[in-house]
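Each value in this text was obtained by applying a stated rule to the coordinates, not by laboratory testing. Computed from a predicted model, the values in this text were never measured in an experiment. Neighbour counts run over all protein chains shown; Cβ positions are idealised from the backbone, glycine included.
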Amino acid sequence: MKNLSWFNKLMFFLNIVLTVSTFLAYRLPFLAPKLFPLLSVLTLFMPLFFILNGLFFFYWGFQFKKRMILSGLVLLMGITFINKFYKFSAKEYPEGEKDFTVMSYNVRLLNVFKWLDRDDVPDDILTFINEKNPDILCIQEFSNSAETDLKVYSHKYILVEGNQIKTAQAIFSKFPIIYQGNIVFPNSNNNVIFADIKKGKDIIRVYNMHLESIKITPDITEINDKNIDAINQSKSQKL
């Protein structure tokens with residue numbers, strides 16, 4: 001540090017702060033957001049952290065300083081995270097006779113609670129599904145209250161659960177469903193349903209999983225179980 005100019009000392013201090021912040025961002029995906037709600041937003045800045053660490057790496061490298069190792073190690077440890085943010089083009093394969101398409105879609109109860117002040121949301125959702133025309137359609141937060149024409153799918157499995165708010169998981173298929181079931185998550189309103197679908201001579205098991213939202217809100221004080229239960233109860237009264 002004694003051989004560094006005042007500017008390089010400042011840059012090294014900022015480099016250390018960036019390194020600590022990046023390591024925290026690496027660790028946060030493995031921790032519950034309720035434990036560190038304010039820090040959970042750090043993961044949103046991961047692309048910026050990668051760029052800044054890269055700039056520090058070249059900054060020290062051009063000066064032949066050993067401090068480049070600090071940012072180099074951070075970038076090396078973050079390779080798996082880089083793959084999650086950036087996807088490179090893959091080889092395209094021609095469609096085959098055995099190919100089929102699967103769509104997973106959270107339709108938010110088809111807007112029955114009027115979260116959006118529009119009446120055409122179910123129609124827009126149906127139009128989108130028809131445009132994509134998947135062979136197997138997995139829907140989270142499905143509702144039978146909204147009239148949605150999915151008659152093109154002759155086979156379906158719908159599991160409706162909930163005390164105050166009736167919400168459903170659904171699997172629609174153009175191929176026969178020969179077996180179906182569900183997996184219950186303990187202490188949670190979310191679950192998994194599955195269906196064994198027969199396509200030709202093959203039997204394919206399809207899982208439709210509805211994971212719990214981390215419930216990020218602008219006001220961090222709203223992230224607690226009591227407020228969430230109160231919100232759900234007020235929504236259920238609108239049915």
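General remarks:
- Length gained when the stretch E161-I203 is fully extended (0.36 nm per residue, less Cα-Cα span): 12.4 nm
- Each of E92, E161 was scored by other Cβ atoms within 10 Å of its Cβ. Arranged with the fewest first, they read E92, E161.
- Put a dot 7 Å past the Cα of V184, heading toward its Cβ, do the same for L39, and the two dots end up 3.6 nm apart.
- Volume per residue of the C-alpha convex hull in segment 1-48, rounded to whole Å³: 84 Å³
- D117/V152 FRET efficiency (R0 35 Å; Cβ-Cβ; nearest 0.05): 0.75
- A DSSP coil position with no more than 11 other Cβ atoms inside 10 Å describes the following trypsin sites (Lys or Arg not before Pro) in segment 87-141: K87, K91, K98, K114, R118.
- Potential lengthening between V102 and L4 on full extension [0.36 nm per residue; Cα-Cα distance subtracted]: 29.5 nm
- As a proxy for reagent exposure, I204, I139 were ordered by neighbouring Cβ count within 10 angstrom, fewest first; the result is I204, I139.
- For segment 1-150, the Kirkwood estimate of the hydrodynamic radius, built from every pair of different alpha carbons, is 20.2 Å.
- FRET efficiency, 1/(1 + (r/R0)^6) with R0 41 Å, evaluated for L55 and E141 via beta carbons: 0.45
- Beyond 31 Å in Cα-Cα separation lie the following of the pairs K66/K91; K34/K132; K132/K199; K34/K66; K34/K156; K114/K151: K66/K91; K34/K132; K34/K66; K34/K156.
- Relative exposure of H210, H155, judged by other C-beta atoms within 10 Å (fewest first): H155, H210
- Size descriptor, Kirkwood hydrodynamic radius, that averages inverse alpha-carbon separations across segment 6-85, Å: 13.2 Å
- Hull volume in cubic angstrom per residue (convex hull over the Cα atoms of segment 102-209): 96 Å³
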